[in-house]
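Student: Got a structure for you, written out below as structure tokens; questions coming shortly.
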Amino acid sequence: MKDGFRQCMAWLHTWTGLLLGWLLFAIFVTGTAAYFQEEISRWMKPEVTAAPDRDAATQAAITYLNRTQPDAESWFISPPSARSPTVSTFWQPRKVAGEEPRKRRGRRGDTSATLDGQGQPVTARETQGGFFLYRFHFDLHYMPVYWARYLVGVAAMFMLIAIFSGIVTHKKIFADFFMLRFGKGQRSWLDAHNVTAVFALPFYLMITYTGLVTLATMYMPWGIAANYSKPDAFFEEVFPGRAEVERSGIGAPLVAVTPLMEIARRRWNGAEIGSVRVAMPGDGNSIITLTRASSGAIGSRGESMVFSGTSGDLLEKSPVQGGAMATQSVMIGLHAGRFAGWGLRWLYFLSGVGGTIMVGSGLVLWTVKRRVKLADPARPHFGFRVVSRMNIAAIAGLPAGIATYFLANRLLPLGMEARADWEIHSLFIAWGATLIWAIARPEKRAWVESLALAGGLFAAVPVINALTVPRNGISGLLSGDWLFVAFDIAMLVLAAGFGFSARKAARATTVKSPRRARAIKEELATA
Amino acid sequence: MTHIIAIALCIAGFACLCAAMVRHQPDFVGRKLDTGTSHRLRHTGFSLLLAALAVDMIGLGAGYGAIAWCAHLTLGAGLVLFRLNRAIARRPAKARAAPKN
């Protein structure tokens, strides 16, 4: 029974891992990059340099909105932070009776603005920056968000199954803890898969489970459906800050927001303000809601304080969260890592890289394991060819696409129509091209060439950056512009990593003789 | 600072654990150790990892410390593995082929 059970788990691990493995790989790559989404966004908007004072910039943003959007239903302001130098604002236009409410989704350009510290719209190249990579890791692209999130949810569920069945399958977690043998074909791939899996196992369990939790109300809507007449009623109850008061109809100016921010900061033991919401600005009943920044504690959902917009009096504090809500808030916080300082953020990132390698090596392992059993290795069956080519497109293609995304940011003309969209298109064009290349070329050469391409593209990023914008790694070293230094180094490390892999792939000997194949098979049977 | 101390403790802890494993001793320590020493190394290793947890929790708070500890464990284990593989790579090819498990 014991062996039967383990074999069952091995089967489960193999197929749950493979079926959506490429999607999981993409989620891991973009999700890992998203730990630095603010930094990537800053790199992709090199025109923005100043790091403004948080309070003054928030006040300036209110002055701007007061001038440009006095009739809005509400304003929403994200003050600048240590990681992001701009103020993002958006507003909800007031609903006019008899007019259809606007669609929520779609372009937000006409209801949002990015401001600098003086409350002036930022003039920077049009780009989605790191935000796109963040959104892609659960919303994907070119498809309805709703379907994408279900697909990602199924992939995450498979991942969770693969992790648990993988733990059962991997017999010797402690005995083989430090086992990583190179140059032994399949054995080496298995070692690499095991080592990357075991070393950051707590991270993978956490990230997969909490990833599902972030969208739990979507994946498991029945609890809400059974208890509330409509889902909105649930959210109104859980997030009471949303309840609105009636407009008074009498105009009244807003109080200064800076003293309110000071009060909130003192109440939250110095934690920063993450967002400012002004409801019914300009009205006698206007309300200012301050919410703690998610960088201030592990729980991602910050406490909030509600003030009267005309007198500045404290109207209410956010109620103490119930156990379930607090748990969910902490889980989302753990997943997104917004609380993490620099040290922990890099460790998060490295764990993400480990996860990427784990998924990637698992995908490769599927082919390596089956290659020795092929009747004719020169002409593998259809399924094998699909998997091996998809592996190339996923593992080398997506990184190549991301490098292209960075390059497009520097190379596309600044005044181009739909520039931000074309940056994203170029990512997928490069990715798609790798897939076609992987199908068109002999497998081994496709591996070498795609990996080399990814390496070359990453290596090109610092060069193209230096040629197109005044900020770069070397000038950054002199002026203390560490973002550009770190970005250049990261690109070069990635380039070196892919270059090294390409060289390894070029030198790898494919098993040709049946005798050698048999020898390997026997060795594996005894291992 | 807490990070550095905790990472150092994790490296030391995993180094002890690795040295406690008979299979890795020829590469990692240079010779086979007797059972008593291996046992003591294993205990020391686990104690050092727990000490890292204590340092993290005192320095960073219980919640943040526990999270950081997981990350420090990963990093510590990774660095010890790197060191072990450096040792294996430097060993003469002939000796490399010999040990079978």
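The values are calculated or read from the model by the stated rules, or taken from the named source; none is laboratory data. What you are looking at is a predicted structure, and each value in this text was computed from that prediction instead of being measured. Counting neighbours? That spans all protein chains shown, and the Cβs are built from the backbone with ideal geometry, glycine included. Note: accessible area is taken over every heavy atom of the protein model, side chains too, but ligands, DNA and RNA are not part of it. Shrake-Rupley method; radii C 1.70, N 1.55, O 1.52, S 1.80 Å.
Student: Taking segment A:468-493 on its own, how many of its residues are without any contact (Cβ under 8 Å) to a residue 40 or more places away in the chain and within 13 Å of A:LEU407 (Cα to Cα)?
Tutor: 1
Student: Turning to a different aspect of this structure: Looking only at segment A:335-344, count how many residues are more than 7 Å from chain B (Cβ to nearest Cβ) and within 18 Å of A:LEU205 (Cα to Cα). Quick ask: steps written out before the conclusion?
Tutor: To start, the set of residues in segment A:335-344 that are more than 7 Å from chain B (Cβ to nearest Cβ) comprises A:335-342.
Subsequent filtering for residues that are within 18 Å of A:LEU205 (Cα to Cα) retains A:335-337.
Final tally of qualifying residues: 3.
Student: Show the residue pairs that are 6+ apart or on different chains and have beta-carbon atoms under 7 Å apart, the first residue being within segment A:205-222 and of a type in the set (Phe, Trp, Tyr), the second being part of a helix (DSSP H, G or I).
Tutor: Pairs found: A:TYR209/A:LEU160; A:TYR219/A:GLY153; A:TYR219/A:LEU212.
Student: With the condition being within 14 Å of chain B (Cβ to nearest Cβ) and not aromatic (Phe, Trp, Tyr), I'd like the helices (runs of 4 or more DSSP H) fully within segment A:150-223 carrying at least 3 qualifying residues.
Tutor: Result: A:186-199, A:201-214.
Student: Do you know which residues across segment A:467-476 are assigned to a helix (DSSP H, G or I) and more than 17 Å from A:GLU39 (Cβ to Cβ)? Can you show your working first?
Tutor: Filtering segment A:467-476 down to residues assigned to a helix (DSSP H, G or I) leaves A:467-468, A:473-476.
If the condition is that a residue be assigned to a helix (DSSP H, G or I) and more than 17 Å from A:GLU39 (Cβ to Cβ), then A:LEU467, A:THR468, A:ILE474, A:SER475 are the ones that fit.
Student: Which of the residues that make up segment B:72-93 are farther than 16 Å from A:GLY183 by Cα and within 8 Å of chain A (Cβ to nearest Cβ)?
Tutor: The answer is B:HIS72, B:LEU73, B:THR74, B:LEU75, B:ALA77, B:GLY78, B:VAL80, B:LEU81.
Student: Among residues belonging to segment B:82-91 that are in contact (Cβ under 8 Å) with a residue 60 or more places away in the chain and assigned to a helix (DSSP H, G or I), point out the one that is surrounded by the most Cβ atoms within 10 Å (Cβ to Cβ). Walk me through how you get there before you give the answer.
Tutor: Residues of segment B:82-91 that are in contact (Cβ under 8 Å) with a residue 60 or more places away in the chain, as a first pass: B:83-84, B:87-88, B:91.
Going one step further and asking which of them are assigned to a helix (DSSP H, G or I), we end up with B:83-84, B:87-88.
On the way: B:ARG83: 17, B:LEU84: 21, B:ALA87: 15, B:ILE88: 17.
If we take residues in segment B:82-91 being in contact (Cβ under 8 Å) with a residue 60 or more places away in the chain and assigned to a helix (DSSP H, G or I), then B:LEU84 is surrounded by the most Cβ atoms within 10 Å (Cβ to Cβ).
Student: May I pose another question? Would you confirm whether or not segment A:143-162 contains a residue that is under 29 Å from B:PHE82 (Cβ atoms) and aromatic (Phe, Trp, Tyr)?
Tutor: no
Student: Still on this structure: Under the condition of being under 14 Å from A:PHE174 (Cα atoms) and surrounded by fewer than 16 Cβ atoms within 10 Å (Cβ to Cβ), which residue from segment B:1-37 is farthest from the other protein chains (Cβ to nearest Cβ)?
Tutor: Among those that are under 14 Å from A:PHE174 (Cα atoms) and surrounded by fewer than 16 Cβ atoms within 10 Å (Cβ to Cβ), it is B:VAL22.
Student: Looking only at residues that are charged (D, E, K, R) and in contact with a Lys or Arg (Cβ under 9 Å, 6 or more places away or on another chain) in segment A:302-326, which one is surrounded by the most Cβ atoms within 10 Å (Cβ to Cβ)?
Tutor: Top of the filtered list is A:GLU303.
Student: So if I check each of A:VAL359, A:VAL330, A:VAL353, which one is open to solvent by 10 Å² or more (accessible area, probe 1.4 Å), touching a residue at least 24 places away in the same chain (Cβ under 8 Å) and away from every other protein chain (no Cβ under 11 Å)?
Tutor: Only one candidate qualifies: A:VAL359.
Student: Still on this structure, I have one more. Taking the conditions exactly as written (open to solvent by 10 Å² or more (accessible area, probe 1.4 Å), farther than 23 Å from A:PHE36 by Cβ and either of a type outside the set (D, E, K, R) or touching a helix residue (DSSP H, G or I) at 6+ places or on another chain (Cβ under 9 Å) (or both)), does A:GLY383 satisfy them or not?
Tutor: For A:GLY383, the condition - open to solvent by 10 Å² or more (accessible area, probe 1.4 Å), farther than 23 Å from A:PHE36 by Cβ and either of a type outside the set (D, E, K, R) or touching a helix residue (DSSP H, G or I) at 6+ places or on another chain (Cβ under 9 Å) (or both) - is met.
Student: Which members of segment B:38-54 meet the condition of being more than 13 Å from chain A (Cβ to nearest Cβ), open to solvent by less than 60 Å² (accessible area, probe 1.4 Å) and not hydroxyl-bearing (Ser, Thr, Tyr)? If you could, list the steps in order and put the result at the bottom.
Tutor: Residues of segment B:38-54 that are more than 13 Å from chain A (Cβ to nearest Cβ), as a first pass: B:38-41, B:43-44, B:47-48, B:50-52, B:54.
Of the ones still in play, those that are also open to solvent by less than 60 Å² (accessible area, probe 1.4 Å) are B:38, B:41, B:48, B:51-52, B:54.
If the condition is that a residue be more than 13 Å from chain A (Cβ to nearest Cβ), open to solvent by less than 60 Å² (accessible area, probe 1.4 Å) and not hydroxyl-bearing (Ser, Thr, Tyr), then B:LEU41, B:LEU48, B:ALA51, B:ALA52, B:ALA54 are the ones that fit.
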